[in-house]
Amino acid sequence: MTKNYITDMDGVLVRGRSLIPGASEFIQRLKDAGVEYLVLTNNPVYTPSDLAHRLQVVGLNIPPERIFTSAMATARFLQSQRPNGTAYVIGESGLTEAIHHEGYIITDYAPEYVVLGETNTYNIAQITKAIRLVIEGSRFIATNPDASGPSEGGVVPACGAMAALIETASGKAPFFVGKPNPLMMRTALNYLGVHSEDTIMVGDRMDTDIVAGVESGMETILVLTGVTMRTDIEQFPYRPTHIMNSVADIVP
């Protein structure tokens with residue numbers, strides 16, 4: 001039986017602002033086979049429309065409805081826990097738009113949640129406010145545990161690093177929604193309307209993509225176009241179902 005596909009974006013389809021060779025043909029094969037597919041990313045900064053445009057610029061045509069972010073998963077989690085609630089949010093439009101879409105009010109007045117995403121404009125006033133709200137009782141949620149991320153100038157602090165700062169100052173640990181939390185995978189599967197047993201997770205990281213797929217009961221494919229090398233695999237107590245050089249080698 002032809003399976004559905006959930007694929008990571010960075011290191012699998014693109015590397016920075018460059019298209020990975022064979023990625024466009026891989027997506028076309030999925031379309032031609034008529035299988036359900038979804039591009040999954042821990043990046044909460046951009047909306048699906050923003051990401052679709054960024055991918056189109058480098059030559060990859062994926063519609064916004066085929067893109068699912070940690071911001072979307074976080075917003076859906078909030079709505080499932082406390083419908084139509086309130087949150088103090090640190091993040092860009094990808095996160096704020098997703099939270100508004102789920103019926104949440106964004107406020108700094110006694111919010112039910114403090115939600116931390118990623119932004120290019122972290123400032124001490126925002127972080128201090130978040131720390132004080134968490135100490136006062138707001139529940140602490142973070143979109144993803146990634147400690148750092150790439151930029152044109154080099155490594156930049158990401159959500160996990162800022163979350164550690166807030167945790168250290170407040171004494172309250174965050175709940176991370178994004179990969180490797182299986183919640184992210186389950187939410188994506190529900191969004192796509194498919195079952196884990198009928199779906200393959202494609203990723204370049206053993207510690208996020210592959211472990212999330214394994215814990216969600218999915219078949220997994222590790223591609224070697226990102227951060228993981230073949231010699232790294234033996235360091236982990238779990239293994240991908242398949243190892244391939246790139247998505248160019250995947251035939252649905």
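The values are calculated or read from the model by the stated rules, or taken from the named source; none is laboratory data. Remember, predicted model here, so these are calculated numbers, not experimental data. All Cβ positions, even for glycine, are placed from backbone atoms using ideal geometry, and neighbour counts span all protein chains on display.
At-a-glance table
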quantity: Search result, residues across segment 73-90 that are within 18 Å of Ile105 (Cβ to Cβ) and either touching a helix residue (DSSP H, G or I) at 6+ places or on another chain (Cβ under 7 Å) or touching a residue at least 60 places away in the same chain (Cβ under 8 Å) (or both); calculated: Thr74, Ala75, Arg76, Phe77, Leu78, Gly85, Ala87, Tyr88, Val89, Ile90
quantity: All positions within segment 179-205 that are hydrophobic (A, V, I, L, M, F, W, C) and farther than 13 Å from Val12 by Cβ; calculated: Leu183, Met184, Met185, Ala188, Leu189, Leu192, Val194
quantity: From the options Ala163, Ala169, residue that is assigned to a helix (DSSP H, G or I), out of contact with any helix residue (DSSP H, G or I) (no Cβ under 9 Å at 6 or more places or on another chain) and not assigned by TED's automatic domain parsing to the domain that holds Glu219; calculated: Ala163
quantity: Qualifying residue in segment 192-210 (condition: surrounded by fewer than 16 Cβ atoms within 10 Å (Cβ to Cβ), closer than 20 Å to Asn4 by Cβ and in contact (Cβ under 8 Å) with a residue 60 or more places away in the chain); calculated: yes
quantity: Count of segment 13-38 residues which are under 25 Å from Met184 (Cβ atoms) and touching a helix residue (DSSP H, G or I) at 6+ places or on another chain (Cβ under 6 Å); calculated: 6
quantity: Those residues of segment 172-196 which are more than 15 Å from Thr208 (Cα to Cα), touching a helix residue (DSSP H, G or I) at 6+ places or on another chain (Cβ under 7 Å) and in a helix (DSSP H, G or I), in sequence order; calculated: Thr187, Leu189, Ser196
quantity: Residue match in segment 197-209 (condition: β-branched (Val, Ile, Thr), assigned to a helix (DSSP H, G or I) and either over 14 Å from Phe68 (Cβ atoms) or out of contact with any Gly (no Cβ under 6 Å at 6 or more places or on another chain) (or both)); calculated: yes
quantity: Close pairs from segment 229-252: first outside any helix (DSSP H, G or I), partner modelled with pLDDT under 95 and among the small types (Gly, Ala, Ser), Cβ under 8 Å, at least 6 apart; calculated: Pro252/Ala33
quantity: Filter result for Thr225 (touching a Lys or Arg at 6+ places or on another chain (Cβ under 8 Å), buried (at least 17 other Cβ atoms within 10 Å of the Cβ) and of a type outside the set (A, V, I, L, M, F, W, C)); calculated: yes
quantity: Lone unmet requirement of (1) modelled with pLDDT of 95 or more; (2) touching a helix residue (DSSP H, G or I) at 6+ places or on another chain (Cβ under 8 Å) for Gly59; calculated: (1)
quantity: Filter result for Leu19 (in the same structural domain as Leu192 (by TED's automatic domain parsing) and farther than 21 Å from Lys179 by Cβ); calculated: yes
